Amino acid sequence: MSFRKVVRQSKFRHVFGQAVKNDQCYDDIRVSRVTWDSTFCAVNPSFVAIIVEASGGGAFLVLPLHKTGRIDKSYPTVCGHTGPVLDIDWCPHNDHVIASGSEDCTVMVRGGPGSWGAGRGHAALSLSPLSPQVWQIPENGLSQPLTEPVVVLEGHSKRVGIVTWHPTARNVLLSAGCDNVVLIWNVGTAEELYRLDGLHPDLIYSVSWSRDGSRFCTACKDKSVRVIDPRRGTVVAEKERAHEGARPMRAIFLADGKIFTTGFSRMSERQLALWDTENLEEPMGLQELDSSNGALLPFYDPDTNVVYVCGKGDSSIRYFEITDEPPYIHFLNTFTSKEPQRGMGWMPKRGLDVSKCEIARWARGCWGRGEGPPDPTQTLRDSLCSPGRFYKLHERKCEPIIMTVPRK
């Protein structure tokens, strides 16, 4: 007699989220009100950066992770842009280097002491008007406002809404603007490596590098998802009308080369879909979530193959496991809180506390008082069962959320 499997086997079926205490949050922060579907937050093992409201230009906060509690209104900001900041991204190879894109059509890169120059694998800089400019972010955070950039990348004719670093190549940065152009830069020399023009007929909603950095995928306002080879400057694969709805959609590369997308149906229902880049005719899996109107922001953990989905304006985080078995997208659980989220940040794996089984850390919050980043030499096996951490942005607060997989 054979028995059907009633419950699917999974190591992450019981992952749960937990918000930190109030005294471990960042309070009294004026999170940006710009109408742009960005995460508004970027986190690494040393700092949390948050795009904030600013008069007369754009600005964002850079706070050491241990600086929790109420943030004074006079706390210095990075305020070199002349227009609102739309996106920020920490360099994966240097925790003191951060890039930002703005409505002033520029991309700026800020770096800590010793971040650039000969002897560190970077090109030495000469500060002529056309060369890069770098912000100096001290080890302990800012003591005064930063207004003079050291690296400015000028090449877009309209506002820059997306900046993302190459996952494997040092000093390589991608930017995408409302001019429908994708630019890839050598930040060390301010050189424009590739200009990808004419591949997108409309606004680019999102860009995601493949894990090895050989390709990237984009989601566009024309409802198409494209896989692009930047060296050839060609579209390798394209799926038209990946989601039928008119609202913004996003696409991210998974570790095995598949693409995970979020969007809306023709009836404005929010959807998730999984695509095989070898055959984009039909999705491998498609799920409808609800009829809310906030854009869905996906975050992917390649070590656990878990995708976290956060809706702008929602008060919940849903997470799904991606497997090789139908229906491929398996719902795990939902973390729910009282306040809606305006943005979200994701802590890299090397910034998690492996001794507490963290698998993700979100920026809706931050590290606790006196809590430092864990030892980066921990083994991959430890990191796989460590909790994750997110940083969730409220209207006036940044709240850390720790995702944990229970262990016996």
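Please treat every number below as a calculation from the coordinates, not as lab data. Bear in mind the structure is a predicted one, so any value in this text is a computation, not a measurement. Here the Cβ positions follow ideal geometry from the backbone for every residue, glycine too, while neighbour counts run over all protein chains shown.
Couplings 3J(HN,Hα) of segment 229-246, computed from phi: 9, x, 5, 7, x, 10, 8, 7, 8, 8, 10, 7, 6, 4, 9, 6, x, 8 Hz, in residue order, whole Hz [Karplus 6.51 cos²θ - 1.76 cosθ + 1.60, θ = phi - 60°; x for Gly and Pro].
Counting 0.36 nm for each residue step from Lys21 to Asp222 and taking away their Cα separation leaves a gain of 68.1 nm.
Computed from the C-beta positions of Val235 and Thr334 and an R0 of 45 Å, the FRET efficiency is 0.80 to the nearest 0.05. Sorted largest first, the principal axis extents computed over the alpha-carbon atoms of segment 167-315 equal 46, 34, 33 Å.
Computed from backbone phi, the HN-Hα couplings of segment 179-191 come to 8, 6, 10, 9, 10, 10, 10, 8, 5, x, 10, 6, 8 Hz, rounded to whole numbers (Karplus: 6.51 cos²θ - 1.76 cosθ + 1.60, θ = phi - 60°; Gly and Pro given as x).
For segment 172-222, the pair-distance distribution built from all alpha carbon pairs, in bins 10 Å wide starting at 0, is 24, 54, 21, 1 percent.
The phi-based Karplus calculation (6.51 cos²θ - 1.76 cosθ + 1.60; θ = phi - 60°) puts the 3J(HN,Hα) values of segment 339-344 at 9, x, 9, 9, x, 7 Hz, whole numbers, x for Gly and Pro. Translational diffusion of segment 131-228, estimated by Stokes-Einstein from the Kirkwood radius over alpha carbon pairs at 20 °C in a medium of 1.002 mPa s, is 147 µm² per second. For Val236, the residues whose amide H sits under 5 Å from its own are Val227, Ile228, Asp229, ignoring neighbours fewer than 5 places away on the same chain, with H placed 1.01 Å from N. For the peptides 33-42, 276-285, the ranking by packing is 33-42, 276-285, with the highest mean count of neighbouring Cβ atoms within 10 Å listed first.
Note on segment 26-99 and segment 169-189: Cα centroid distance 20 Å, given to the nearest whole angstrom.
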